[in-house]
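Visitor: The following block contains the structure, expressed as structure tokens.
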Amino acid sequence: MIQKTKKILVISGGAIEASFMLKYIEEQQFRYIIAADSGMEFLYKYGKKPDMIVGDFDSVDPAVLEAYRKMDGIEWKVLRPEKDDTDTESAVQTAAELGAEEIHIVGGTGSRLDHMLANVYLLGLLREEGISAYLVDAHNRVQVIDQRTVIKRETQYGKYVSLLPFMGAVEGITLKGMKYPLEDYILDHCHSIGISNEITGEQAEIEFRTGRLIVIESKD
């Protein structure tokens, strides 16, 4: 029986900077780790054992797959190669079913732009379910928000904070504590005014009346 856990890491098969990832796993103290298909190869290379492995395993090193199959204490969710969702989406849905309140996705921002955009949409779906979700790499942290949000300067992920509308215009945006403040602004997909803002106060306050925002914190 899998115990419900509040904070879950999903490792996908995209490019991952090892030094960043190993430090991130240690700092975040995840209670449960799910490897999405070839995401298991990163874990295996650095001697980490996931709690669950999800995928169709069509792109996984057979030696890694066999090594994990011999280990005890790993849950398996085997998918059909022909399916309607990606391995990452299946892993994220599984994390939600396990009762996660917070999901971090790593390895989901690599060279495949189609997969990266699909993963951003996953953040929106999770937000609808009341789950906080983050798409993270060594340089960026992405989330989708649907209510007032505060980003503290001392814990911000990177120097820059960018805001983009998610699935439609966002009305009544007011930004406080930022280099480029806004007051009751309507942000739609045709404008880049929300790109590369910076926190100048102790914290940035993001308020809006309707819609959802993609928030991207970037280090460079």
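Bear in mind these aren't lab numbers, they're just calculated from the coordinates by the rules spelled out. For clarity, every value in this text was computed on a predicted model and none was experimentally measured. Cβ sites come from the backbone with ideal geometry, for glycine too, and all protein chains shown count toward neighbours.
Visitor: For the range 7-138, what does the alpha-carbon gyration tensor say about shape, rounded, prolate or oblate, given a ≥ b ≥ c as the root eigenvalues, a/c under 1.5 as rounded, and a/b over b/c as prolate? Present the calculation step by step, with values, prior to reporting the outcome.
Guide: Numbers: a/c = 1.33, a/b = 1.20, b/c = 1.11.
Judged from the Cα gyration tensor, the range 7-138 comes out rounded (a/c under 1.5).
Visitor: Using label points projected 7 Å from each Cα along Cα→Cβ, tell me how many nm separate LYS152 and GLU128, to one decimal.
Guide: The answer from the label model is 3.2 nm.
Visitor: With both bridge residues required to lie in the chain, what share of the DSSP beta bridges run antiparallel, to the nearest 5%?
Guide: On the way: 28 of 49 bridges.
Of those bridges, close to 55 percent are antiparallel.
Visitor: Gaussian network model of the chain, Cα springs within a sub-10 Å range: biggest mean-square fluctuation belongs to which of ALA95, ALA204, ALA63?
Guide: Looking only at ALA95, ALA204, ALA63, the largest GNM fluctuation is found for ALA63.
Visitor: Arrange the following residues from fewest to most other Cβ atoms within 10 Å of their Cβ: LYS49, LYS159.
Guide: Working: LYS49 15, LYS159 12.
Neighbour counts put them in this order, fewest first: LYS159, LYS49.
Visitor: Distance in nm between label sites at LYS48 and LEU117, each 7 Å beyond Cα in the beta-carbon direction?
Guide: Between LYS48 and LEU117, the label points sit 2.9 nm apart.
Visitor: Starting from the Cα of ARG31, move 7 Å in the Cα-to-Cβ direction to define the label point; list residues of the range 109-136 whose amide nitrogen is under 16 Å from there.
Guide: Inside the label zone: 131-132.
Visitor: Right, something else. From the phi angles alone, apply the Karplus equation (6.51, -1.76, 1.60; θ = phi - 60°) to the range 88-97 and give each ³J(HN,Hα) in whole Hz, x where the residue is Gly or Pro.
Guide: Each residue's phi maps through the Karplus curve to give 5, 4, 4, 5, 5, 4, 5, 4, 5, 5 Hz.
Visitor: Quick one: ASP61, ASP220, ASP72, fewest Cβ neighbours within 10 Å first, how do they rank? List each step's numbers first, then the result.
Guide: Working: ASP61 14, ASP220 8, ASP72 5.
Arranged by neighbour count, lowest to highest, ASP61, ASP220, ASP72 become ASP72, ASP220, ASP61.
Visitor: So if I take the centroid of the Cα atoms in the range 71-145 and the same for the range 4-32, what is the distance between those two points in Å?
Guide: Between the Cα centre of the range 71-145 and that of the range 4-32, the gap is 12 Å.
Visitor: From largest to smallest, what semi-axes in whole angstrom does the chain give when each is the square root of 5 times an eigenvalue of its alpha carbon gyration tensor? Please list the in-between numbers first.
Guide: Details: eigenvalues 225, 60, 47 Å².
So the equivalent ellipsoid measures 34, 17, 15 Å along its semi-axes.
Visitor: Please compute the contact order of the chain in relative form: average sequence separation of alpha-carbon pairs under 8 Å and at least six residues apart, divided by the residue count, as a percent. Kindly include the intermediate steps, with their values, before the conclusion.
Guide: Values: 474 pairs, mean separation 41.9, N = 220.
Reported relative contact order: 19 percent.
Visitor: Rounded to the nearest 500, what is the chain's calculated 222 nm mean residue ellipticity when only DSSP H runs of at least 4 contribute -39500 (n - 2.57) each, over all residues? Numbers along the way, then the final one.
Guide: On the way: 5 runs with 53 residues, N = 220.
For the chain, the value works out to -7000 deg cm²/dmol.
Visitor: Listing HIS115, HIS104, HIS191 from the residue with the fewest other Cβ atoms within 10 Å to the one with the most, what is the order? The partial results should precede the final answer.
Guide: Values: HIS115 19, HIS104 23, HIS191 13.
With the sparsest Cβ surroundings first, the list reads HIS191, HIS115, HIS104.
Visitor: What percent do you get for the relative contact order of the range 35-99 when only Cα pairs under 8 Å and 6+ apart count? Can you show the working numbers first?
Guide: Working: 69 pairs, mean separation 24.3, N = 65.
Relative contact order comes out at 37 percent.
Visitor: Right, something else. Could you please report the charge total around ASN140, scoring K, R as +1 and D, E as -1 over all other residues with beta-carbon less than 10 angstrom from its beta-carbon? Don't skip to the answer; put the middle values down first.
Guide: Values: positive: ARG141, LYS219; negative: ASP137, GLU217, ASP220.
Cβ neighbours under 10 Å give a net charge of -1.
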